[in-house]
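J.: Pasting a structure here, questions to come.
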Amino acid sequence: MVSFSAVAKRYPGGKTALESVSFALAAGELAFLIGRSGAGKSTLLKLIPAIERPTSGAVIVSGQNVGALQRAAIPYLRRNIGLVFQDQKLLYDRSVFDNVMLPLSLTGQPPQEAARRARAALDKVGLLAREKSNPIELSGGEQQRLAIARAVVNRPALLIADEPTANLDAESAAKVLDIFVAFNQVGVTVLIATHDLALVERFGKRVLHLAEGRLG
Amino acid sequence: MTGWLRQHRAALRTALQRLWRPSGLASALVIGIAVSLPAGGYALLESLRALAGRATLEPQISLFLRPEAKRAEADALGRALRADPRVSKVRFVPREDALKQLSAVEGMGEVIASLGRNPLPDAFVVTASEHALEPLAADLAKLPGVAHVQADSAWARRLGALERLGRLGLWLLAALLGAGLVAVIFNTIRLQILTQREEIEVSKLIGATDAFIRRPFYYLGLLQGAAGGVFALAIVAGLLAALNIEVRSLAESYGSSFRLAFLPAAGAGIVLAVAAGLGWLGAHLSVSRHLREIEPR
């Protein structure tokens, strides 16, 4: 599903975020990306939906070399990837429901079908009762779950999350991770970056260690 | 409905919502005021052209005989005129007809009645076969019995020249204001893009194509231009109505039913189409310049 071959990312100022990173994530797999802050986790994750381009090496997603993609092809790549960031990037000028509808409006789906899917996604993350609220009214954990609902509403094959439990208490964090596991169980490939080693060890899934830009 | 059509309808709906706000309408009003200048000027020119058109643009000379001249002299003069190859038509206006025409003008009836006798001379209206009126007029002035010669189409030709000058001025004004229109819309779209920065960033992150993001802005530019055009036509209509109050009394004093006319339907349609088109152009320039800068980080 995702493979990195000797990927390096260097910034113009001289900072090296990633050095010779290679790994492969199979379809339907769930893996954690562990590392301290500044280890390069966010950079690695950003390479997958082409938010950043690798300085060298190849990033292959679903058989496509992301680094070589034309600008016009990037939206179609991103439609197949669900993204959840630590800063959830929710839109506060609209309701919870409209936030989840956003990915569906891009693809020009009939409104009834889109509404059905949006509600299904909200239901899966347990936010159906809050669909009319404004995201600002939600707690941290609920906002994160809203971000996940938006990320999965278009049924992407790949789900990427950057520190999804960072600002959450243990109970909310566990709820959020349970949602990821549930999606993985229906076949979605999941890659989660986190610095919380303790949380990760409970799951017994594959762990990728990133330190100083290198995969150890 | 296909997905593509649905997306266009959604973009149009969004643009209408953004237009129907104080800021959107204010921009449209500014554009309306700017466009009303060349549009109004065009309407005025068209009306004046209709007015000038009533006056014959054929090269004509009016010949007035001496008031004491007898009818025999007039007949001789008429034969001499018809014999001249440079003359294509000769029309005799006897003094009685001239008096009748003059009495028809408002207010002249009583004046003439008080005079007692007819002060007007016999006259000939001569249509020349070519435009070189001055030499012909000079020659005709020398004919026996002629007291006064008037080459009176000169003023109509001058009016035509003024009209062309006015038209040129209007084109220049229109070009200038058109550029202004594009600049105003460029700016309003830029502000709208800035307002929606976050939404655009998130949309790009979840896989919106450039076309999807641009679409509502194009519609907004188009609609603002068109709304500006509508405002312009309304302003022109209002100004013409106000002016016509005075024009009506002035024209009636000349015995005319002349009024300033609104733009012809085709002209009004062109104003709307051009305004909308320029609005689209302003949006295009703004979107091309500013959307690239907003990328997810």
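The values are calculated or read from the model by the stated rules, or taken from the named source; none is laboratory data. On a predicted model such as this, the values are computed, not experimentally measured, just so you know. Here the Cβ is made from the backbone with ideal geometry for all residues, glycine too, and neighbour counts use every protein chain on show. Only protein heavy atoms, including side chains, enter the accessible area calculation; ligands, DNA and RNA are left aside. Shrake-Rupley method; radii C 1.70, N 1.55, O 1.52, S 1.80 Å.
J.: Taking B:R18 as the residue in question, decide whether it is more than 24 Å from B:A241 (Cα to Cα), over 25 Å from the mean Cα position of the chain (by Cα), within 11 Å of chain A (Cβ to nearest Cβ) and of a type outside the set (G, A, S). First the steps, then the outcome.
T.: Details: more than 24 Å from B:A241 (Cα to Cα): yes; over 25 Å from the mean Cα position of the chain (by Cα): yes; within 11 Å of chain A (Cβ to nearest Cβ): no; of a type outside the set (G, A, S): yes.
No; evaluated as a whole, the condition is false for this residue.
J.: Mind listing whichever residues of the stretch A:151-163 are within 12 Å of chain B (Cβ to nearest Cβ) and either among the polar types (S, T, N, Q) or without any contact (Cβ under 8 Å) to a residue 60 or more places away in the chain (or both)?
T.: Of everything in the stretch A:151-163, those that are within 12 Å of chain B (Cβ to nearest Cβ) and either among the polar types (S, T, N, Q) or without any contact (Cβ under 8 Å) to a residue 60 or more places away in the chain (or both) turn out to be A:V153, A:N154.
J.: Among the listed residues B:F92, B:F64, identify the single one that is open to solvent by 50 Å² or more (accessible area, probe 1.4 Å), aromatic (F, W, Y) and touching a helix residue (DSSP H, G or I) at 6+ places or on another chain (Cβ under 7 Å). Steps first, please.
T.: On the way: B:F64 fails: touching a helix residue (DSSP H, G or I) at 6+ places or on another chain (Cβ under 7 Å).
None of the others qualify; the one that does is B:F92.
J.: In the stretch B:220-237, is there at least one residue being assigned to a loop (DSSP other than H, G, I, E, B), open to solvent by 20 Å² or more (accessible area, probe 1.4 Å), touching a helix residue (DSSP H, G or I) at 6+ places or on another chain (Cβ under 6 Å) and among the aromatic types (F, W, Y)?
T.: Quick first cut of the stretch B:220-237, residues assigned to a loop (DSSP other than H, G, I, E, B) only: none.
Within the stretch B:220-237, not a single residue is assigned to a loop (DSSP other than H, G, I, E, B), open to solvent by 20 Å² or more (accessible area, probe 1.4 Å), touching a helix residue (DSSP H, G or I) at 6+ places or on another chain (Cβ under 6 Å) and among the aromatic types (F, W, Y).
J.: Across the stretch A:74-103, what is the total count of residues that are more than 10 Å from chain B (Cβ to nearest Cβ), assigned to a helix (DSSP H, G or I) and not acidic (D, E)?
T.: 4
J.: Something else: For A:F32, only one of the following conditions fails: (1) under 21 Å from A:N184 (Cβ atoms); (2) within 14 Å of another protein chain (Cβ to nearest Cβ). What is its number?
T.: (2)
J.: I would also like to ask the following. From the list A:G28, A:G63, A:G57, which residue is of a type outside the set (A, V, I, L, M, F, W, C) and without any contact (Cβ under 8 Å) to a residue 40 or more places away in the chain?
T.: Working: A:G28 fails: without any contact (Cβ under 8 Å) to a residue 40 or more places away in the chain; A:G57 fails: without any contact (Cβ under 8 Å) to a residue 40 or more places away in the chain.
That would be A:G63, the only listed residue that is of a type outside the set (A, V, I, L, M, F, W, C) and without any contact (Cβ under 8 Å) to a residue 40 or more places away in the chain.
J.: Tell me, yes or no, whether the stretch A:3-18 has at least one residue that is crowded, with 18+ Cβ neighbours inside 10 Å and in contact with an Asp or Glu (Cβ under 6 Å, 6 or more places away or on another chain). If you could, list the steps in order and put the result at the bottom.
T.: Our first condition is that a residue be crowded, with 18+ Cβ neighbours inside 10 Å; within the stretch A:3-18, this holds for A:4, A:7, A:9, A:17-18.
Still in the running and in contact with an Asp or Glu (Cβ under 6 Å, 6 or more places away or on another chain): none.
No.
J.: On to the next question. Quick one: in the stretch A:75-85, of everything that is over 13 Å from B:F212 (Cβ atoms) and modelled with pLDDT of 90 or more, which residue is surrounded by the most Cβ atoms within 10 Å (Cβ to Cβ)? Spell out how you get there, then give the answer.
T.: Residues of the stretch A:75-85 that are over 13 Å from B:F212 (Cβ atoms), as a first pass: A:77, A:80-85.
Those left that are additionally modelled with pLDDT of 90 or more: A:77, A:80-84.
Numbers: A:L77: 18, A:N80: 16, A:I81: 24, A:G82: 28, A:L83: 26, A:V84: 25.
Looking at residues that are over 13 Å from B:F212 (Cβ atoms) and modelled with pLDDT of 90 or more, I get A:G82.
J.: Follow-up. Mind telling me which of the residues B:A76, B:A138 ends up being within 39 Å of the chain's Cα centre (by Cα) and open to solvent by less than 60 Å² (accessible area, probe 1.4 Å)? Don't jump to the end; show me each part of the working.
T.: On the way: B:A76 fails: within 39 Å of the chain's Cα centre (by Cα).
Criteria check complete, one pass: B:A138.
J.: So, in the stretch A:44-55, of the ones that are open to solvent by less than 20 Å² (accessible area, probe 1.4 Å) and assigned to a helix (DSSP H, G or I), which residue ends up farthest from A:P75 (Cα to Cα)?
T.: First, the residues of the stretch A:44-55 that are open to solvent by less than 20 Å² (accessible area, probe 1.4 Å): A:44-45, A:47-50.
Within this subset, residues satisfying the condition of being assigned to a helix (DSSP H, G or I) are A:44-45, A:47.
On the way: A:L44: 19, A:L45: 17, A:L47: 14 Å.
Per the stated criteria, the residue is A:L44.
J.: Sticking with this one: Let me confirm something: among B:L243, B:L173, which residue is modelled with pLDDT of 90 or more, assigned to a helix (DSSP H, G or I), open to solvent by 20 Å² or more (accessible area, probe 1.4 Å) and away from chain A (no Cβ under 14 Å)?
T.: B:L243
J.: What tally of residues in the stretch B:204-213 results from selecting those that are assigned to a helix (DSSP H, G or I), within 7 Å of chain A (Cβ to nearest Cβ) and either surrounded by 21 or more Cβ atoms within 10 Å (Cβ to Cβ) or among the aliphatic types (A, V, I, L, M) (or both)? Steps first, answer last, please.
T.: Taking the stretch B:204-213 as the starting set, the residues that turn out to be assigned to a helix (DSSP H, G or I) are B:204-205, B:210-213.
Okay, now just the ones that are also within 7 Å of chain A (Cβ to nearest Cβ), so B:205, B:212.
This time we only want the ones that are either surrounded by 21 or more Cβ atoms within 10 Å (Cβ to Cβ) or among the aliphatic types (A, V, I, L, M) (or both), so: B:205.
The qualifying residues number 1.
J.: On to the next question. Picking from B:V125, B:V87, B:V111, which residue would you name as being open to solvent by 30 Å² or more (accessible area, probe 1.4 Å) and of a type outside the set (S, T, N, Q)?
T.: Working: B:V125 fails: open to solvent by 30 Å² or more (accessible area, probe 1.4 Å); B:V87 fails: open to solvent by 30 Å² or more (accessible area, probe 1.4 Å).
Testing whether each residue is open to solvent by 30 Å² or more (accessible area, probe 1.4 Å) and of a type outside the set (S, T, N, Q) leaves just B:V111.
J.: Further question on the same structure: What single numbered condition from (1) of a type in the set (G, A, S); (2) outside any loop (DSSP other than H, G, I, E, B); (3) open to solvent by 30 Å² or more (accessible area, probe 1.4 Å); (4) in contact (Cβ under 8 Å) with a residue 24 or more places away in the chain fails to hold for A:S37?
T.: Result: A:S37 fails condition (2) only.
J.: Considering only residues that are crowded, with 19+ Cβ neighbours inside 10 Å and touching a Lys or Arg at 6+ places or on another chain (Cβ under 8 Å), look in the stretch B:250-289 and name the one that is nearest to the other protein chains (Cβ to nearest Cβ).
T.: Once the filter is applied, the top-ranked residue is B:V287.
J.: Residues of the stretch A:56-74 being open to solvent by less than 30 Å² (accessible area, probe 1.4 Å) and polar (S, T, N, Q), which ones?
T.: Scanning the stretch A:56-74 gives no hits.
J.: Do we have any residue at all in the stretch A:94-102 that's under 30 Å from A:E212 (Cβ atoms) and surrounded by fewer than 20 Cβ atoms within 10 Å (Cβ to Cβ)? Give the derivation first.
T.: First pass over the stretch A:94-102, keeping only residues under 30 Å from A:E212 (Cβ atoms): none.
Scanning the stretch A:94-102 turns up no residue that is under 30 Å from A:E212 (Cβ atoms) and surrounded by fewer than 20 Cβ atoms within 10 Å (Cβ to Cβ).
J.: Return the residues of the stretch A:104-118 that are small (G, A, S) and either open to solvent by less than 10 Å² (accessible area, probe 1.4 Å) or facing another protein chain (nearest Cβ under 10 Å) (or both); say none if nothing qualifies.
T.: Within the stretch A:104-118, the subset small (G, A, S) is A:105, A:108, A:114-115, A:118.
Within the stretch A:104-118, A:S105, A:G108, A:A114, A:A118 meet the criteria.
J.: Checking the conditions here, which among B:A151, B:A237, B:A161 is free of Cβ contacts under 8 Å to residues at least 12 places away in the same chain, hydrophobic (A, V, I, L, M, F, W, C) and more than 14 Å from chain A (Cβ to nearest Cβ)? Reasoning before the result, please.
T.: On the way: B:A151 fails: free of Cβ contacts under 8 Å to residues at least 12 places away in the same chain; B:A237 fails: free of Cβ contacts under 8 Å to residues at least 12 places away in the same chain.
Residue meeting the stated conditions: B:A161.
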